[in-house]
1. Calculate the dipole size of the stretch 72-217 relative to its Cα centre from +1 charges on Lys and Arg beta carbons and -1 charges on Asp and Glu beta carbons; express the result in debye to the nearest 20.
2. Which longest run of the chain has no exposed loop site in it, a site being GluC sites (Glu not before Pro) in a DSSP loop with at most 10 other beta carbons within 10 Å, and the site itself not part of the run?
3. Classify the stretch 12-62: rounded, prolate or oblate, from the alpha-carbon gyration tensor (a ≥ b ≥ c, eigenvalue square roots; a/c under 1.5 rounded; otherwise prolate if a/b is larger than b/c)?
4. Using each residue's phi in the stretch 106-111, evaluate 6.51 cos²θ - 1.76 cosθ + 1.60 at θ = phi - 60° and report the 3J(HN,Hα) Karplus result to the nearest Hz, with x for Gly and Pro.
5. What's the exposure ranking of V4, V109, going from fewest to most Cβ atoms within 10 Å?
6. State whether the chain is rounded, prolate or oblate according to the following rule on the C-alpha gyration tensor (a ≥ b ≥ c being the square roots of its eigenvalues): a/c under 1.5 gives rounded; otherwise a/b larger than b/c gives prolate, and the remaining case gives oblate.
7. Could you please report the charge total around S80, scoring K, R as +1 and D, E as -1 over all other residues with beta-carbon less than 10 angstrom from its beta-carbon?
8. Per DSSP H run of n ≥ 4, the term is -39500 (n - 2.57); total these for the chain, divide by its residue number, and report the mean residue ellipticity at 222 nm rounded to 500 deg cm²/dmol.
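Nothing in this text is a laboratory measurement; each read-out follows from the coordinates by a stated rule. Predicted, not measured: the structure shown is a model, and the values here were computed from it. Backbone-built Cβ (ideal geometry, glycine too); neighbour counts: all protein chains shown.
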Amino acid sequence: MKNVIFIAPPAAGKGTISDYLIKNYHYKHLSTGDILREEIQSGSKFGKEIENIMASGNLISDDVMINLIKQKLTELSKQSFILDGFPRTLIQAESLDEMLISMGVTNNVVISLDIDRELALKRVLGRINCPKCGRSYNVYFENMKPSKENICDDCNSDLIKRSDDNEESFRKRFDDYLSNVSLIKSYYEEKHLLKNIIVDNDLERVLKEIIKEAKND
Ligand code: AMP
């Protein structure tokens, strides 16, 4: 399978799609959002520095993110990987390219997940997660509710809401995404790496299209 680099706004389903690919195709998952949230939870100095920036929906600086992903990429074995949440700016995309070239990693596809803004907002406002096992639920969609209100079906933990899953932070994150995405997409389009996939509630179709793009021909 190819390495998958996701370009997507909040609530496009990167987490759910990644979980599926990990389970069925043994990908290694590199989610910058998850890495940063773990830093905050651990109470580290870095975590304290980024906590408010993340809660308000602002982006962490390019320098910090580039160094972080550089370190994570060097820790990878030969396993195919999913990059979820990086790059988010053109500078990050250019740096990523340099890193991958210097590592000799060439088997990549960039998948842009395009979702309607109102659907993404509904998903964000209804989203709750298990802090222990990471499973994601949504109270606005019947097939995504937990069986018992606010309790994880898998590990019985209390479910929590991400601090940036509110309307104000969503608008900021979605707007930032829109203002950066066209440059990033053009960059990858020129390299013939970009595949666009429209996301709606038909997860099965979305997964099928992603797998088709991620498979080596
Ligand atoms: P996510 O879980 O991907 O929605 O990311 C949550 C938050 O983490 C974002 O709103 C940013 O504050 C921060 N973040 C994650 N990835 C990046 C990145 N590549 N560049 C800048 N900030 C990031």
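1. 280 debye
2. It runs 1-74.
3. Prolate shape, in that a/c is at least 1.5 and a/b is the bigger ratio.
4. Along the stretch 106-111, the couplings run 10, 8, 10, 9, 9, 10 Hz.
5. Ascending number of Cβ neighbours within 10 Å: V109, V4.
6. Note, shape of the chain comes out rounded.
7. Once all neighbours under 10 Å are counted, the net charge is +3.
8. Helices in the chain give a 222 nm mean residue ellipticity of -15500 deg cm²/dmol.
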